[in-house]
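These notes are about the structure you will find just below.
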Amino acid sequence: FRKKPLLIFVGAILITAIFYFLFLSTIFQITEIEVRGTNLQDPEPIQQAAENFLSSQKRFFLTQNNFFLLSGEQLEDVLQKEFVAEDILVRKRPFRKIIIDVVEKSGKITWISNGNHYYLDDEGNALEFVRITNIRLQSADSESTDTSEGEETVTAPEVLIDDSLLDKTLPQVIDDSMTAVAVGDKVLTQSMVRFILSLHQQIFKKTGVDV
């Protein structure tokens, strides 16, 4: 019977050591966060949001900045609420790294405002600015203007529009109000997006023309 307290003491020491080794030591502390799949948005804010989650969110009274304590599902939910994405998946890689796979939303509508082109997702958010390049070419045509010293010939430049980056299969909507738009802005309601897509589909079925 005298050995029993000693065994209990040794067992408690062993359990404490194991607990410290697994959950409190820096051996299993997450030190690397890799964000993949972000072509339309900056991965740095996603990485920063993940770091904030790891240092502030607790599980079993301990922060989740630990390989065993981290709940990938909770982190996914937080990132999904904060960032526009089709899906976000968090994967743990032994024993100090996590990989955040981002499946970005695709454009459903091309929104044109003040000469600028943007892709909108199915919820009406501006996903991406589409660069349309105006290339000035020297035209063979010329215009004549009268000056005090006589007639001067001015060659009018020809403008070639390069819209090769534009997805022409999407319906295009022109905003006559020319309201400024930034990526991430809420441009249309979800119901309006659905109406435009439905109308575009009906017109295409009847005429075969994209509008």
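The values are calculated or read from the model by the stated rules, or taken from the named source; none is laboratory data. What you are looking at is a predicted structure, and each value in this text was computed from that prediction instead of being measured. Here the Cβ is made from the backbone with ideal geometry for all residues, glycine too, and neighbour counts use every protein chain on show. Note: areas computed on protein heavy atoms with side chains; ligands, DNA, RNA excluded. Shrake-Rupley method; radii C 1.70, N 1.55, O 1.52, S 1.80 Å.
Remarks
- Spacing of the two label points (7 Å from each Cα toward its C-beta) at K92 and D175, in nm: 4.4 nm
- Solvent-accessible area, 1.4 Å probe, carbon plus sulfur percent, for region 4-113: 60 percent
- Between F129 and D77, the FRET efficiency estimated from the beta carbon spacing at R0 = 30 angstrom works out to 0.55.
- 13 Å reach of a label modelled at K168, 7 Å along Cα-to-Cβ, counting backbone N of region 90-120: none
- Reachable lysines from K81, criterion Cα separation under 16 angstrom, eight or more residues apart if same chain: K105, K186
- Per-atom-type breakdown for region 162-202 gives carbon and sulfur 58% of the accessible area (1.4 Å probe, protein chains only).
- Candidate lysines for bridging to K4, where Cα separation is under 26 Å - those fewer than 8 sequence places away on the same chain excluded: none
- Averaged per residue, region 1-67 has 76 square angstrom of accessible surface, using a 1.4 angstrom probe with ligands and nucleic acids left out.
- Gain upon complete extension [K4, A17; 0.36 nm per residue less C-alpha separation]: 2.7 nm
- Spin-label zone in region 9-34 - amide nitrogen under 12 Å from a point set 7 Å from the Cα of L62 along the C-beta vector: 16-30
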